[in-house]
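**Student:** To start, I am sharing the structure in question, which I have written as structure tokens.
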Amino acid sequence: MARLYEPNTKRIMSTSAFWMMLITQVTVTCITGYFFLKVLRAPAKPEPDSYEDNDSE
Amino acid sequence: MSSETQSWGSRVGLILAMAGNAVGLGNFLRFPVQAVQNGGGTFIIPYLVCFLLMGIPLLWIEWSSGRYGGKSGNHSTPFILGSMGRRKFWRYFGVFGIYTNIAVAAYYCYIESWTLSYVFHSLAQTFTGMSQTEVAAFFTTYVDISQNTLGIPYEAVFFYVLCLVLNTWILSKGLKGGVEKVAKIGMPMLILFGVFLAIRALTLGTSGASEGCLDCDSTLGLNFLWEPQFDSLTNFNVWLAAAGQIFFTLSVGMGTIHCYAAYVRPKDDIALNAMTAGWMNGFVEIVLGASIVIPIAVGYLGLDWVKENAGFSMAFQTMPFLFGKWGVALGTLAGVMWFGLLFFAGITSSLAMGTPWMGFMQDEFGFSIKKSAITFGLITLVMGLPTVFFFNEGVFDQYDYWGATVGIVIFALAESILFSWIFGIDKGWDEINAGSDITLPRIYKPIIKYITPTILLVIFVMSLITPKNNDYANALENGWELDEGSIIGRAMNMSRPYNRESFADHFETEHAGVVELQTQEEGFAVIVHETDAPEEVAAMYVFTEDDQAPMVRSGEVITAGQPIASGSFLNDIFYIHLARFMLIGLFVFICALVWRASMNRTQNES
């Protein structure tokens, strides 16, 4: 059945939807950031490694 | 072998290229629609479960298989899989890892060319002042190659070739100088554009609601997308849809990951790299992908409209109209960002599709990077032109289904069995862990061995024999009737019960009803009205050739399948056969190359 909403008169995002969105998006962002930081902080392997840019180091 | 050796410039570059390979148009267009159709916010639960049980294991399998193959100088799946299995038979399963990429690149570059063209049209403010119907009609005109919208003859073909030339040129610069460079620019730009549009969507609220539209609110779109419906967790179809989405979004089962990873040295990490690229794709999909199209569309057009029309075409047929409501400056900027975002998502994926072919030709036939890139461009052009010229006749869909859907499921199932059961899970586990910068949970060892292949087998079997209307309960109770969308149903063209001959001397109506025969300027039209509601038009068939004549009279009641016109007809089934012939031809051609390469190897060894 269609539900009617009155714009600007009440909050129409339900609490469960709001928390579902917030928890999921924050969790996924944090996990992505965590792994990406781990990559950036990982010590470089001794040469010769797979990457050319650090060959002169 | 080629004297040119390729390598990655940096680890971050490799990860961005891998993430770019996975991030595609589906992240922004397929995921939100799948979520809407499968339980809203609850879809995320089966989605994440499938990511953990199937996505991550497949990523590790493919990264480690690629790096293992790279040790012995193999950079494409025929000989990567061949090095893991004792039988030569596996080399021919590896053909899927090249075939799928060329088949997909052929039509994917066409979508990519739409995004490129729409960037130009956004800059030129083509859509300014257009109504929603006009914007939708613009797309229809665009894909009709006989027409042009920019004054360029064969505009769709022009942009397709331009896109292919661009891909070929970038590929000819190699991994570090081409693919990686594009990923390093494209991925940050994509995220930047995505964040801008997502913020705009989240803050849109009811400001775009037209008078009288009570359900025009972007927040309502978010609510619709994220409202948990926990009862959908017990629905098998939701789980199948989530597994399918994970499968497509990660670009597993294609052979591109193997190829990229083949250039990683044995002592370097792959486990953390795989996790980072996989989660980055998840971020783009769940955080950005879910926050753009649906909320903006609901904000302007209302929830009911979105429920009925949510789909891939919204990107081109709806979004330009909605951006037009933001004023000229912001609307132009949003259009450039939206289509720019889709273009970057597309090109980072299509570049990845070129590398397995290039790796294969360099390894086995001594091609240079440039020569292998040009041959990829040419073969993709030959395969892709039918999708451009016969887009409306269904060639595009055939490539999409038999290349991107069936091909990758078969390949992923085969590689997971090979990795866990032929190569051996102990050896495979050591391979994944070698050089790892993270400690892998041991629980993944049995998951990779038992659960991942089982999920893939279920997906394959269910795709093969999908019951009618996806109604499993009914199929089990009342007999298993195949759905027309199942693999068998598609192979048998079940969705086309009429006009099944390529060349015919009559045309059959697909709709029953009452006939209205109408004389046109050129030829005649048969209009079929609904029997119960004569004012409703069920279908209209226009016949323009001189040798075509009506076989029905006005007022006649006809049944579906009844001949309504005589003459000579070329039915759409011809183009479907053409597409399948092209795809089978491509597969056989690559098999022949693998056979030739195997012979060369045998000769060199002796």
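**Student:** Enumerate the calculated ³J(HN,Hα) couplings along the stretch B:423-431 in order (Karplus 6.51 cos²θ - 1.76 cosθ + 1.60, θ = phi - 60°), each rounded to whole Hz, writing x wherever the residue is Gly or Pro.
**Tutor:** 5, x, 5, 5, 5, x, 4, 4, 5
**Student:** Right, next: Helix-derived [θ] at 222 nm for chain B: sum -39500 (n - 2.57) over DSSP H runs of at least 4, divide by residue count, nearest 500?
**Tutor:** Calculated from helices alone, the mean residue ellipticity at 222 nm is -18000 deg cm²/dmol.
**Student:** For the stretch B:436-445, what does the Karplus curve 6.51 cos²θ - 1.76 cosθ + 1.60, with θ = phi - 60°, yield as ³J(HN,Hα) per residue in whole Hz, taken in order and with x for Gly and Pro?
**Tutor:** 5, 8, 10, 8, 7, x, 5, 4, 6, 5
**Student:** Can you give me the long-range amide H partners of B:A538? Hydrogens built in the peptide plane at 1.01 Å from N, cutoff under 5 Å, separation of 5 or more residues or another chain.
**Tutor:** Here B:V528, B:H529, B:E530 satisfy the definition.
**Student:** Would you mind computing, in nm to one decimal, how far apart the modelled labels at B:N237 and B:L476 are, each placed 7 Å from Cα along Cα→Cβ?
**Tutor:** 1.6
**Student:** Continuing with this model, one more query. Using the structure shown, select from B:K267/B:K427; A:K45/B:K427; B:K176/B:K370 the pairs with a Cα to Cα distance greater than 20 angstrom.
**Tutor:** From B:K267/B:K427; A:K45/B:K427; B:K176/B:K370, over 20 Å: A:K45/B:K427.
**Student:** Could you work out the pair-distance distribution P(r) of the stretch B:334-405 from its alpha-carbon pairs, with 10 angstrom bin width and percents rounded to whole numbers?
**Tutor:** 17, 35, 36, 11, 1
**Student:** Related question: What does the charge dipole of the stretch B:391-501 about its Cα centre add up to, to the nearest 20 debye, if the Cβ of each Lys and Arg holds +1 and the Cβ of each Asp and Glu holds -1? Don't skip to the end; give the middle numbers.
**Tutor:** Numbers: 8 positive and 14 negative charges, 61 e Å.
Computed about the Cα centre, the dipole is about 300 debye.
**Student:** In peptide B:14-20, how many Cβ atoms from other protein chains are near each Cβ within 10 Å, on average? If you can, show how the numbers build up before the last one.
**Tutor:** Details: counts 3, 3, 0, 0, 0, 2, 0.
Averaged over the peptide's residues, the number is 1.
**Student:** Semi-axes of the stretch B:361-484's equivalent ellipsoid from the Cα gyration tensor, sqrt of 5 times each eigenvalue, largest first, rounded to whole Å?
**Tutor:** On the way: eigenvalues 207, 204, 21 Å².
Over the Cα atoms of the stretch B:361-484, the ellipsoid semi-axes are 32, 32, 10 Å.
**Student:** With no solvent and one equal point scatterer per Cα, compute the Debye intensity ratio I(q)/I(0) for the protein assembly as shown at 0.08, 0.10 Å⁻¹ and report its log10, rounded to two decimals.
**Tutor:** Results for the protein assembly as shown at q = 0.08, 0.10 Å⁻¹ read -0.64, -1.00.
**Student:** Go through chain B and flag any cysteine with no other cysteine's C-beta closer than 4.7 Å, please.
**Tutor:** Lone cysteines by the Cβ rule: B:C50, B:C109, B:C163, B:C259, B:C591.
**Student:** Continuing with this model, one more query. Roughly how crowded by other chains is peptide B:271-278, in terms of the mean Cβ count from those chains within 10 Å of each of its Cβ atoms?
**Tutor:** Neighbouring Cβ atoms belonging to other protein chains average 4 per residue here.
**Student:** On the Cα set of the stretch B:249-391, report Rg and Dmax in Å, please.
**Tutor:** When restricted to the Cα atoms of the stretch B:249-391, Rg and Dmax are 19.7, 58 Å.
**Student:** Would you kindly derive the ³J(HN,Hα) couplings of the stretch B:475-480 from the backbone phi angles with the Karplus curve 6.51 cos²θ - 1.76 cosθ + 1.60 (θ = phi - 60°), listing them in order in whole Hz, with x for Gly and Pro?
**Tutor:** So the Karplus estimates, Gly and Pro as x, are 5, 5, 7, 10, x, 8 Hz.
**Student:** At a Förster radius of 22 Å, what calculated FRET efficiency corresponds to the Cβ-Cβ distance of B:D426 and B:T454, to the nearest 0.05?
**Tutor:** My answer for the efficiency is 0.70.
**Student:** Between the alpha-carbon centers of the stretch B:550-573 and the stretch B:64-90, tell me the distance in whole angstrom.
**Tutor:** Cα centroid to Cα centroid, the span is 55 Å.
Coordinate-derived values only; no laboratory data. Worth saying up front: this structure is predicted, and the values here are computed from it rather than measured. As a convention, Cβ positions derive from the backbone with ideal geometry for all residues, glycine included, and neighbour counts pool all protein chains shown.
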